[in-house]
Amino acid sequence: MKLYSYWRSSSSWRVRIGLHWKKQPFAYVPVHLLKDGGQQKAEPFARLNPMQSVPLLEVQDGGRLIHIAQSMAILEYLEERWPEPPLLPGDRVARAQVRQAAELINSGIQPYQNTSVQKRVKHELHGDEKAWARHFIEVGLHALEPLLHSTSGRYAVGDQVTLADCYLVPQLYHARRYAVDLAAFPTLTRIEASCEVLPAFQGAHPDRQPDAEA
Ligand SMILES: N[C@@H](CCC(=O)N[C@@H](CS)C(=O)NCC(=O)O)C(=O)O
């Protein structure tokens with residue numbers, strides 16, 4: 001199994017957590033999102049993933065070599081193929097709460113800080129791309145804090161690690177990069193601290209990846 005990834009990509013990081021959590025070995029294929037105008041836009045990668053983004057999972061299944069993009073699709077695939085240890089709870093209300101938190105980040109925060117969006121705000125619209133991203137990160141985290149206050153135990157939803165934690169931890173790293181003051185989010189940072197000590201989260205951290213930069 002191969003994972004096309006970029007060390008600081010939060011979407012790739014979510015999948016790395018999932019692979020480590022399920023103890024599935026994988027080859028790491030770096031795709032540099034900035035070098036040469038972005039290797040995600042060049043062949044051969046762009047042919048494998050027309051969305052021109054990471055993560056991309058390459059995996060053998062039923063005698064076929066398949067490629068899956070979109071972190072949520074990949075993580076749900078991993079969950080169905082290797083159900084243990086789980087990343088989705090058995091209870092359907094809890095599952096909905098997990099997906100709610102993950103989607104808030106996936107579709108409500110991360111797109112605004114994405115490399116291509118940042119470039120367009122800065123170079124084509126001549127805006128302050130960092131202020132732009134910071135605004136949407138703050139709005140999203142202000143919604144997430146009370147939601148997770150009501151669903152969390154040790155982790156985002158209850159006392160088991162779930163997909164919601166795979167989305168939360170990388171997003172908080174990027175919140176810091178955009179100078180968001182995390183003092184307003186005590187529940188989120190408490191959950192992050194619980195996750196950070198787990199080997200799966202440690203192995204998935206950007207600084208531990210082969211393409212990490214100083
Ligand atoms: N919703 C997608 C987002 C994928 C995505 O935006 N990936 C970013 C890195 S975190 C990327 O490859 N950006 C390339 C670009 O903006 O050109 C997912 O969850 O996989």
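Since every read-out is calculated from the coordinates, none of them should be taken as a lab result. Every value quoted in this text rests on a predicted model; they were computed, and no experiment measured them. Positions of Cβ are backbone-derived with ideal geometry, glycine not excepted, and every protein chain shown enters the neighbour counts.
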Check your understanding: Among (1) crowded, with 18+ Cβ neighbours inside 10 Å; (2) within 19 Å of Met1 (Cβ to Cβ), where does Gly62 come up short?
Key -> (1)
Study note, to complete from the structure: Residues in the stretch 90-131 that are crowded, with 19+ Cβ neighbours inside 10 Å and either over 16 Å from Leu168 (Cα atoms) or touching a Lys or Arg at 6+ places or on another chain (Cβ under 6 Å) (or both) total 1
Review point. What pairs come up if the first residue lies in the stretch 15-38 and is touching a residue at least 60 places away in the same chain (Cβ under 8 Å), the second is among the polar types (S, T, N, Q) and assigned to a loop (DSSP other than H, G, I, E, B), and their beta carbons are under 7 Å apart, counting only those six or more places apart or on different chains?
Key: Tyr28/Gln209; Leu33/Ser9
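Look at Ala102 and say whether it is more than 20 Å from Glu192 (Cα to Cα) and within 13 Å of the ligand (Cβ to nearest atom).
It is false that Ala102 is more than 20 Å from Glu192 (Cα to Cα) and within 13 Å of the ligand (Cβ to nearest atom).
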**Study point:** Test set (1) surrounded by fewer than 22 Cβ atoms within 10 Å (Cβ to Cβ); (2) outside any loop (DSSP other than H, G, I, E, B) - Leu168 fails condition number
**Key:** (1)
Practice item. Among the numbered conditions (1) β-branched (Val, Ile, Thr); (2) more than 24 Å from Leu88 (Cα to Cα); (3) within 14 Å of the ligand (Cβ to nearest atom), tell me where Val139 comes up short. Key: (3)
Review point. How many of the residues in the stretch 191-206 are free of Cβ contacts under 8 Å to residues at least 12 places away in the same chain and assigned to a helix (DSSP H, G or I)?
Key: 2
Review point. For the stretch 1-36, which residues satisfy the criterion of being within 11 Å of the ligand (Cβ to nearest atom) and either within 14 Å of the chain's Cα centre (by Cα) or under 23 Å from Trp82 (Cβ atoms) (or both)?
Key: Tyr4, Ser5, Tyr6, Trp7, Arg8, Ser9, Ser10, Ser11, Ser12, Trp13, Arg14, Val15
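Taking the residues in the stretch 37-71 that are within 12 Å of the ligand (Cβ to nearest atom) and assigned to a helix (DSSP H, G or I) as candidates, determine which candidate is farthest from the chain's Cα centre (by Cα).
Going through the stretch 37-71, the residues within 12 Å of the ligand (Cβ to nearest atom) turn out to be 37-42, 45-46, 49, 51-57, 68-71.
Add one more test, that the residue is assigned to a helix (DSSP H, G or I), and what stays is 37, 39-41, 45-46, 71.
Values: Gly37: 22, Gln39: 19, Gln40: 17, Lys41: 20, Phe45: 20, Ala46: 20, Ser71: 7 Å.
My answer is Gly37.
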